[in-house]
1. Can you confirm whether the range 169-186 contains a residue that is touching a residue at least 60 places away in the same chain (Cβ under 8 Å), touching a helix residue (DSSP H, G or I) at 6+ places or on another chain (Cβ under 8 Å), aromatic (Phe, Trp, Tyr) and not assigned by TED's automatic domain parsing to the domain that holds Gly41?
2. Return yes when Leu142 is crowded, with 21+ Cβ neighbours inside 10 Å and under 15 Å from the mean Cα position of the chain (by Cα) and no when it is not.
3. In the range 21-57, what count of residues is obtained for those that are of a type outside the set (Lys, Arg) and touching a residue at least 60 places away in the same chain (Cβ under 8 Å)?
4. Only one of (1) more than 23 Å from Gly247 (Cα to Cα); (2) in contact with a Phe, Trp or Tyr (Cβ under 9 Å, 6 or more places away or on another chain) fails for Ala158. Which number is that?
5. Inspect all residues belonging to the range 238-260 and state whether any of them is out of contact with any Cys (no Cβ under 9 Å at 6 or more places or on another chain), within 30 Å of Leu43 (Cα to Cα), in contact (Cβ under 8 Å) with a residue 12 or more places away in the chain and surrounded by fewer than 17 Cβ atoms within 10 Å (Cβ to Cβ).
6. What number of residues within the range 247-302 are part of a helix (DSSP H, G or I), within 26 Å of Asp153 (Cβ to Cβ) and either basic (Lys, Arg) or modelled with pLDDT of 85 or more (or both)?
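The values are calculated or read from the model by the stated rules, or taken from the named source; none is laboratory data. Because the structure is a prediction, the values reported are computed rather than measured. All Cβ positions, glycine included, derive from the backbone under ideal geometry; neighbour counts span all protein chains shown.
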Amino acid sequence: MRPEPKARSDRLSRGQPSDQEARSKLSPGLHLVATPIGNVGDLSPRAFAALSEADVVLCEDTRVTGKLLGLCGIRRPLLSYHEHNAARVRPQIIERLRAGAAVALVSDAGTPLVSDPGYKLVRDAIAAGIEVFAVPGPSAALAALIVSGLPTDRFFVAGFLPTRRSQRRRAIAELAPVPGTLIVFEAARRLPDTLADLAAELGPRQAAVARELTKRFEQVRRGLLAELAAHYGETGAPRGEVAIVIGPPARGAEQPSPDELDQRLAAALESQSPAAAAAAVAAATGQPRRELYRRALALQGR
């Protein structure tokens, strides 16, 4: 078990110029700064410098970012920028950038612009001729991907799925044909239900549930989606931040023909409802459950 890191302000600030000198060296423009996803020791020296030198730090929640800056001994003005106030605040930020300000944008954790409204600010800054700089670092999506044991050559970050089940299943069905590993974020309390929906829609795919990455109690549980759904359905929702990584559709595998699917569905419909028949055939073939359900309804009507 790794010990939690101490505040790193003493180590990170060694050799740093004075506050006035440091601020004068940060280029005017929008600086996209990655922050730790849990372990404060993951804040890079360059990110530390950017946050120390910025004229203002834009953040989703000033309490979260204020705590991080406090641990690192950084004192800078904070301005809340999130999906609910972005449209109102964005023009003000662009004006400050036009005037030559050095602005740092962070998310609550990890790399900004992934599942947050930051891309609209970047888009408007570019349109206004303002320089945009990346200060790369921690990313929850990449951290979960590389420890999952699943293919990393192609992947798709789906972010958070809809909270309503019907909408969530529709979104999962749309992701089914993506020819790469899927990365999904989810609130821990919804994990059992979401895994069950993923298993029903995507069939027997390998997956991993990554929880509390880089923190003291980090855990990665791997298995088929149905196995993971059964485990968390029995044990209940875990605590902490969760990312789900799902393997891609089988490559090179022979896909069942439409006639074969109809035959399988017709056989299943003899003893099961259309929904149950679709779920059974999806589990056997790896085909999207939603499409199979439509075919089952058509067959039943026929």
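1. Looking for residues that are touching a residue at least 60 places away in the same chain (Cβ under 8 Å), touching a helix residue (DSSP H, G or I) at 6+ places or on another chain (Cβ under 8 Å), aromatic (Phe, Trp, Tyr) and not assigned by TED's automatic domain parsing to the domain that holds Gly41, one finds at least one in the range 169-186, hence yes.
2. Taking the combined requirement at face value, the residue does not satisfy it.
3. The total comes to 19.
4. (1)
5. Checked the range 238-260: at least one residue is out of contact with any Cys (no Cβ under 9 Å at 6 or more places or on another chain), within 30 Å of Leu43 (Cα to Cα), in contact (Cβ under 8 Å) with a residue 12 or more places away in the chain and surrounded by fewer than 17 Cβ atoms within 10 Å (Cβ to Cβ).
6. 0
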